[in-house]
Amino acid sequence: MVSKRQSTHFGFRSVDAGEKAGLVRGVFDSVAGKYDVMNDLMSLGIHRLWKRFAIELAGVRPGQRVLDLASGTGDLADRFADLVGPSGLVLMTDINAAMLGAGRDRMLDRGHAGNLAFAQVDAESLPFPDDSLDLITIAFGLRNVTHKEKALASMFRALKPGGRALVLEFSKPVIKPLEKLYDLYSFHVLPRMGKLVAKDPDSYRYLAESIRMHPDQETLKAMMEAAGFERCDVHNLTGGIVAVHRGFKF
Amino acid sequence: MSLRDLALEGLEQTLNRILDLDPDARVRLAALHGRVIRIELRGAGIELNFVSGHDGRLQLLGTVEGPPDCTLSGSPIDLIRASDKTEGPAQLFAGHVRIDGDTALAQRFSEALAGIDIDWEEQLSHMTGDIAAHEIGRGVRALQREGGRVGRSARDNLSEYLTEEARLLPHHLEIEDFLRDVDTLRDDAERLEARIALLEGRMGGDKA
């Protein structure tokens, strides 16, 4: 029997499915140090508002257990740790050790202790028991996961009944004129910015390309429903450049 | 996402920048880690939810799910008055400001915010160094003292002129006399009223 080799996309390139995780790792190893500066610069600071919106949709209450996947430098985890209070728990995770290290240093510098834990975790196979978490979030991370269906299924499994998942991710602009401008920005301005500030134009080219390859609003919603999530809704932000998908497990 | 989020973000950042200047206020707020305090501005229809962080910095949310730990509601002016130490209780008892939920929490929260006391000299020292900041601080305090003295003496002179020389306003002893007379008159009138009522009652009794 001939084993069929599965391929996936890495930006606009087609690569072997087993290869993608390593390539993504290379990107984030390279940008970890300048991650926060670049986020502010690239989104003109708007990413703070996107995250603020997602936090209100999360509806975190004191005492809850929250898993933040692809935490990066921990913008969401930082806020969740204050919202769950001393009796709650926030698990700050990333698949990339360099990013997680940068995030952990930042959280410790901010004085978080007691209700925040760190772990290097692969979103496709979460090392948490079934029905154990109140909320799972993944902000600007799902795009980089090789098997998105597996990640969504794994999230569904680990959620408590009544829990919810939130996916904050770049999406497809719903306003036509914005689309042209956005294309110009992501393929010409962004890589140049990456070259100037982070000295790494390729990683930022990957960022722009991977955004285009990511499923649009309706496709991702259908994927969440296929994973078992109910009452899924989509909230477009900044004309659909970014969208928050929310789904519940009942 | 809207202007509302932008306003919340701006307000939150400003508030936290002020809190950064008073570490004691942050310690007081840090004790409320995770508690949700809602402020409802009556009339404006605005609702603000404050959540205190582990370090006493505040998060400001437009909406929270479930009931908050406590709610303070009132018109913006009433709420500002309520934070005043002397006027505060009166505002509460007059029903202008309403507290629901954990009242002790509401009190601790408003005391922490009302008690913000920024040590400007310390903040200045980050820019100018300790010695210069202390000298400037001393200068400012001397100026405040002198200003206060000049202000007090001007006030005394003015009131003396108005009461003693121009006689436009009565002296406070005259006012006390007048108020005493009014009290006496009121008591007399009440006594008379009671007496009339008594006599009327008697006449009514005779008729019956």
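Laboratory data are not the source of any read-out in this text; all were calculated from the coordinates shown. All of these numbers come straight from a predicted model, not from anything done at the bench. Here Cβ is always computed from backbone atoms with ideal geometry, including for glycine, and neighbour counts include all displayed protein chains.
Take each residue in A:61-72, count the other chain C-beta atoms within 10 Å of its C-beta, and the mean is 1. Kirkwood analysis of the Cα pair distances in chain A returns a hydrodynamic radius of 18.4 Å. Legend: distances between Cα atoms for A:LYS51/A:LYS249; A:LYS20/A:LYS221; A:LYS51/A:LYS150; A:LYS150/A:LYS195; A:LYS150/A:LYS199; A:LYS20/A:LYS199; pairs beyond 26 Å are A:LYS150/A:LYS195; A:LYS150/A:LYS199. Among B:ILE196, A:ILE241, the ranking by other beta carbons within 10 Å of each residue's beta carbon, starting with the fewest, stands as B:ILE196, A:ILE241. Mean separation of Cα pairs under 8 Å and 6 or more residues apart, divided by the residue count, gives chain A a relative contact order of 19 percent.
Shielding of peptide B:52-61 by partners, expressed as the average count of other chain Cβ atoms within 10 Å per residue Cβ, is 5.
Quick one: grab the alpha carbon gyration tensor of segment B:129-208, order the square roots of its eigenvalues as a ≥ b ≥ c, and give me rounded if a/c is under 1.5, else prolate or oblate depending on whether a/b is larger than b/c. Taking the square roots of the gyration eigenvalues as a ≥ b ≥ c, segment B:129-208 is oblate. Counting only DSSP beta bridges with both residues in the protein assembly as shown, the antiparallel share comes to about 55 percent. Near A:LEU69, the amide H atoms lying under 5 Å from its own belong to A:THR137, A:ILE138, A:ALA139; only residues 5 or more places off or on other chains count, and H is placed 1.01 Å from N.
Computed over the alpha-carbon atoms, chain B gives an Rg to Rh ratio of 1.21, Rh here being the Kirkwood radius from the mean inverse distance. Using the Cβ-Cβ distance between B:ARG145 and B:ASP24 with R0 set to 22 Å, the FRET efficiency works out to roughly 0.30. Ordered by the number of other Cβ atoms lying within 10 Å of each residue's own Cβ, fewest first, A:TRP50, B:TRP120 fall into the sequence B:TRP120, A:TRP50. Between B:LEU6 and B:GLU135, the distance separating the two model label sites (each 7 Å from Cα on the Cα→Cβ line) works out to 4.5 nm.
For the pair A:GLU218 and B:GLU190, label points projected 7 Å from Cα toward Cβ lie 8.1 nm apart.
Contact order for chain B, expressed relative to its length and based on alpha carbon pairs under 8 Å spaced 6+ residues apart, stands at 14 percent.
Packing-based ranking of B:10-16, A:162-168 yields A:162-168, B:10-16, ordered from highest to lowest mean Cβ neighbour count within 10 Å.
Between A:ASP183 and A:ALA119, the contour length at 0.36 nm per residue exceeds the Cα-Cα span by 19.5 nm. Over chain A, dividing the summed -39,500 (n - 2.57) contributions of all DSSP H runs of at least 4 residues by the number of residues returns a 222 nm mean residue ellipticity of -12500 deg cm²/dmol.
Each distinct pair of alpha carbons in the protein assembly as shown adds a 1/r term; the inverse of their mean, the Kirkwood radius, is 26.9 Å. Inter-chain Cβ neighbour count for A:102-115, averaged per residue, equals 1 (cutoff 10 Å, partner chain atoms only). The order of A:LYS195, A:LYS249, going from fewest to most other C-beta atoms within 10 Å of their C-beta, is A:LYS195, A:LYS249.
Remark on A:GLY163: its backbone amide H falls under 5 Å from those of A:LYS249, a criterion applied only to residues 5 or more positions apart or on other chains, H modelled at 1.01 Å from N.
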